[in-house]
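Q: Structure incoming, see below.
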Amino acid sequence: MPSMKQVTFRDLWQRFAELVHENKSVLNDLDAAIGDADHGSNMDRGLEKAVEALNASPEGSLRADAKLIGMTLMSTVGGASGALWGSGMLKFAAALPDAPEVTWADFVNALGAFVEALSKRGQAVAGDKTMMDVFLPAMVEIQAQLSDEESLPASMVRLADQAKAWSDGTRDLVAKRGRAAYLGERSAGHIDPGSLSSAFWFEALAGAVGQQ
């Protein structure tokens with residue numbers, strides 16, 4: 001039975017941190033058009049601290065790692081992103097078994113708890129020009145594959161390209177949530193930075209799972 005191992009989970013966050021760091025300026029530029037111009041810097045700082053915390057933490061369980069990530073992001077990432085990613089990862093952690101290796105069904109269940117937490121905290125749905133424009137359709141795709149757990153790793157890898165396309169699709173949307181919503185129609189024509197960093201998470205997931 002395929003599973004998500006702790007080493008893969010840590011690799012996912014290392015890759016995510018590297019992608020955000022490499023694209024920090026891109027994310028800041030996107031945020032400059034419709035936000036505070038600091039999404040890349042905030043996420044980069046928080047993920048650097050999260051990876052440092054993971055590296056300093058003894059191997060134990062995915063739940064402990066996820067909780068550590070959530071607490072670190074909540075305390076180091078500024079703005080709405082810190083609250084969303086931080087609280088979301090704490091819900092993710094709570095939904096996981098306390099083990100160094102979990103089934104893909106367990107991982108998907110935890111990811112569902114993460115997305116539900118994002119939805120409740122951010123009050124956003126698909127089409128609102130937020131990170132939910134990536135995470136909500138991704139959950140639909142993943143849950144459609146849940147009956148065939150053997151296929152889930154390959155499905156996770158395929159999600160990377162889809163996530164980028166969903167992020168690109170936010171360009172034409174008018175923001176209904178977050179600071180960008182104050183711009184109204186002027187928010188159209190710009191990719192939502194939160195959706196792009198979310199797409200990087202799925203790219204990191206694909207890389208880590210593909211390496212497992």
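Q: What are the lysines whose alpha-carbon lies under 23 Å from the alpha-carbon of LYS164, with same-chain residues fewer than 8 places away excluded?
A: LYS24, LYS129, LYS176
Q: Then there's this: Please report the relative contact order for the chain, taking Cα pairs under 8 Å with a sequence separation of at least 6, and give it as a percent rounded to a whole number.
A: This gives 24 percent for the chain.
Q: Quickly work out the GLU101-to-LYS176 label distance, labels modelled 7 Å from Cα along the C-beta direction, and quote it in nm with one decimal.
A: Using points 7 Å along Cα→Cβ, the separation is 4.4 nm.
Q: Now for a different question. To the nearest 0.05, what FRET efficiency results for VAL7 and GLU141 with a Förster distance of 22 Å applied to their C-beta separation?
A: Result of the calculation: an efficiency of 0.30.
Q: How large is the helix-only mean residue ellipticity at 222 nm for the chain, computed as the sum of -39500 (n - 2.57) over DSSP H runs with n ≥ 4, divided by its residue count, in deg cm²/dmol to the nearest 500?
A: -23000 deg cm²/dmol
Q: Provide the FRET efficiency to the nearest 0.05 for the VAL125-ASN55 pair, computing r from the beta carbons and using R0 = 22 Å.
A: Result of the calculation: an efficiency of 0.05.
Q: What ranking do 83-89, 70-76 get when scored by the average of other Cβ atoms within 10 Å per residue, highest first?
A: Most protected by this proxy first, the peptides run 83-89, 70-76.
Q: Kirkwood Rh over Cα pairs of the chain into Stokes-Einstein at 25 °C, 0.890 mPa s: D in µm²/s?
A: Values: Rh = 16.9 Å.
Stokes-Einstein gives a translational diffusion coefficient of 145 µm²/s.
Q: Right, here's the next one. Can you run phi through the Karplus equation (6.51, -1.76, 1.60; θ = phi - 60°) for the stretch 189-200 and list ³J(HN,Hα) in whole Hz, with x for Gly and Pro?
A: x, 10, 5, 6, x, x, 5, 6, 5, 5, 5, 5
Q: For LYS5, which lysines qualify as cross-link partners when the Cα separation must be under 20 Å and same-chain residues fewer than eight apart are set aside?
A: Excluding near neighbours in sequence, the set is LYS67, LYS91.
Q: Compute the signed sum of charges (Lys and Arg +1, Asp and Glu -1) over the other residues within less than 12 Å, Cβ to Cβ, of ARG45.
A: Residues near ARG45 contribute -2 overall.
Q: Which of the peptides 114-126, 47-59 is most tightly packed, and how do the rest follow, judged by the mean count of other Cβ atoms within 10 Å per residue?
A: For the peptides 114-126, 47-59, the packing ranking is 114-126, 47-59.
Readers should treat all values here as calculations from the given coordinates under stated rules, not as data from a laboratory. Everything numeric here is computed off the predicted structure, so don't read it as measured data. A quick note on method: Cβ atoms are made from the backbone with ideal geometry, for glycine too, and the neighbour counts reach across all protein chains shown.
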